[in-house]
Every structure is written in structure tokens, then in C-alpha cells.
Amino acid sequence: MIRFIFLSLLAMPVFSVPAQAGESEVVDAWCDYLGNRLRSVSADACHAQNFVAAEVRTPQGNPLVTRDIPAAGQAGTEAKRILVIGGIHGDELTSISVVFRWLDWLGQADAATYQWRVIPVANPDGLMAKPSTRVNANGVDLNRNFQTPDWDRDAQDYWVKRTRRDPRRYPGKSAGSEAETRWLQDQIADYRPDLIISVHAPYNLLDYDGPVPEPMRFGRLSLNRLGVYPGSMGNYAGVFKQIPVITIELPNATSMPSQRDQQAMWEDMLKWVRHNIKDLAVPGPTAKR
Ligand SMILES: [Zn+2]
């Protein structure tokens, strides 16, 4: 037995499965899971998307999956980049389903002038827990774990005093302690988005951090600023990195908005993007933010 393990270890670099093949199996299994778990997402529709699994895995070994959609008719990288993130809280199921709905709409003329990177499930361990949890498998609220400048001073204190040690809002042992958080930070650094849209539920509002004028209303959702939390994505990307971050809080975590409400939200969002994400980015890798 020991000899077998030893030989297997020796053989691994030579005979390991090519990354590509392993990756597509991982994505297929992930799509099958989502198709079963989410009423509004079909496994077939998920398979049809060209999702890519990152090399990084979650503590439970689940994949972190992205899809890039280039701008229509533009081979280059001049078009503004929009990063969409769903499911950073694993029990906010509609935040994932809405992102899948948007994937169907990204080919429409208004949306196709932008480049999109879509991360439908940023916290797969939380989603796949039974029951699903806000936090990841280590019990950390990923949206309080980003490496914001105020984290060391404020995050633990905030958790103890303001949330009274709410286990659903535990920020972690240290800033960026979680693989998912570090991976999201890397996504922001690599993709250099001009806008980040992060979808949540169920507070039924819009929140915003960053430069450029704030959105006032998307469909039935109105701006209602919740404040800046140590370790949140809005704080990290919007305040610290000065990338506009829109936080969409859907009205219900398990029941989707009506088709009409989804459509109105989408149209207002694209309209806001058209008016506000045009002058911000300077093309090229030296773009100043
Ligand atoms: Zn949330």
C-alpha cells in the first residue's frame, strides 16, 4: 500500500489529468448541482455557457467559476469592463438566479457594448451547505473579509460590539483569510473592472460606493445607503480602490422578482451604466483610478 502511494505520487506530474479535461468535468458537476438547487436555473442552460473554473478551490473543494463575455464587434479591450458577482452570501439564492437571467440578456444591444465578467456563485460552499449559509465553510462572512485599510482596526471590534458576535457576520481571523475573498480580490486586480455589480438579497434596496454619481433607482429598488462596513466589497473596491460598486439587494432571498420587475431593474441599470461608466476608464494597462 505504502509503495503504491509512493509510486502514485511519483507518477502524478507525468500522468495527471490535463487541466482542461478535469476542469470541464468540474464545471459540468457544478452546473448539475445548480440546476437541481435553483428553480430558475436549468442545468442545460448552464452547460451551454462557457464557464471556466479557476485553479483555486474553496475550503470544501468546490470550484470558483467565471464567464467572460467580450463586447460585440470589438476585438480589442477598449470597451468598458463590468464585473458581476452573485452568491457571495450562499443563502441568497435569488442573487445567483438573477445573474443567470442577466447572462441570457448580455447579448442585447445595450449590454453588448461592454465587456462582462460574470461570477454567478462567489460562495459555493455556503450555497451547497445543507441548509445553505450566508458564511463560507469556515464560518466567515466573505463580504466582511476583504482587505480594507480599516480591517485590522475595526473589523473584529465592529463584529463584537455592533453585531454582538453574530455568527452570520463573522469577519474572519484576519483580513483576506479566506480563499474565496483572496480570489475575488485577484479577479478585481486582473480584470480591472470599470464597474462592479454585486447582487444580494433580501433588503430590497440599492447601495453604492465609489466615484461617479450614485444610481437612484433600478426598477422598484431605490438607493438606501447602508453605510460602509470593515471588510466589505463596497468598502474594498468602491472606497479603497475607487471602482464604482453597485450593491443590488433583491426583495426576497428565495423568490425571484416578477419578470416585469426584473426587466425594469435591468433596463434602469443599463441606462445608469450608459450615463456614468463612459468617461471614467482610460484605456490601457496604465489607466489611473
Ligand atoms: Zn448578502
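The values are calculated or read from the model by the stated rules, or taken from the named source; none is laboratory data. Treat the numbers as computed from the prediction; the structure is a model and nothing was measured. As a convention, Cβ positions derive from the backbone with ideal geometry for all residues, glycine included, and neighbour counts pool all protein chains shown.
At-a-glance table
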{"quantity": "Test result for Pro171, within 15 Å of the ligand (Cβ to nearest atom) and either more than 27 Å from Ile277 (Cα to Cα) or polar (S, T, N, Q) (or both)", "calculated": "yes"}
{"quantity": "Strands (runs of 3 or more DSSP E) (entirely within the stretch 186-272) containing at least 2 residues that are at pLDDT 95 or above and under 23 Å from Asp154 (Cα atoms)", "calculated": "205-209, 245-249"}
{"quantity": "Counted residues, the stretch 128-137 - those being within 17 Å of Ala54 (Cβ to Cβ) and either crowded, with 24+ Cβ neighbours inside 10 Å or modelled with pLDDT under 95 (or both)", "calculated": "1"}
{"quantity": "Yes/no for Thr148 being in a loop (DSSP other than H, G, I, E, B), closer than 22 Å to Met256 by Cα, touching a helix residue (DSSP H, G or I) at 6+ places or on another chain (Cβ under 6 Å) and not basic (Lys, Arg)", "calculated": "no"}
{"quantity": "Selected residue [within 16 Å of the ligand (Cβ to nearest atom) and either among the acidic types (Asp, Glu) or on the phi > 0 side of the Ramachandran plot (or both)] from Asp186, Asp166, Asp190", "calculated": "Asp166"}
{"quantity": "Among residues of the stretch 219-262, those that are among the acidic types (Asp, Glu) and out of contact with any strand residue (DSSP E or B) (no Cβ under 6 Å at 6 or more places or on another chain), counted", "calculated": "1"}
{"quantity": "Residue match in the stretch 193-204 (condition: without any contact (Cβ under 8 Å) to a residue 40 or more places away in the chain and either among the basic types (Lys, Arg) or surrounded by fewer than 19 Cβ atoms within 10 Å (Cβ to Cβ) (or both))", "calculated": "no"}
{"quantity": "Extreme residue, nearest to the chain's Cα centre (by Cα), among residues of the stretch 86-100 that are of a type in the set (S, T, N, Q) and within 11 Å of the ligand (Cβ to nearest atom)", "calculated": "Ser95"}
{"quantity": "Those residues of the stretch 80-111 which are within 16 Å of Ile197 (Cβ to Cβ) and of a type in the set (A, V, I, L, M), in sequence order", "calculated": "Ile82, Leu83, Val84, Ile85, Ile88, Ile96, Val98, Val99, Leu103, Leu106, Ala111"}
{"quantity": "Which numbered condition Gly139 misses (of (1) over 26 Å from Ser255 (Cβ atoms); (2) more than 16 Å from the ligand (Cβ to nearest atom))", "calculated": "(2)"}
{"quantity": "Near pairs, Cβ below 8 angstrom, 6+ apart or cross-chain, from the stretch 27-48 (surrounded by fewer than 14 Cβ atoms within 10 Å (Cβ to Cβ)) to any residue that is at pLDDT below 95", "calculated": "none"}
{"quantity": "One residue from Asn235, Asn276, Asn224, Asn252 being polar (S, T, N, Q), touching a residue at least 60 places away in the same chain (Cβ under 8 Å), more than 27 Å from Trp183 (Cβ to Cβ) and within 16 Å of the ligand (Cβ to nearest atom)", "calculated": "Asn252"}
{"quantity": "Count of the stretch 134-145 residues which are under 18 Å from Ser198 (Cβ atoms) and either assigned to a loop (DSSP other than H, G, I, E, B) or aromatic (Phe, Trp, Tyr) (or both)", "calculated": "6"}
{"quantity": "Meets criteria (more than 14 Å from the ligand (Cβ to nearest atom) and at positive phi) for Gln242", "calculated": "yes"}
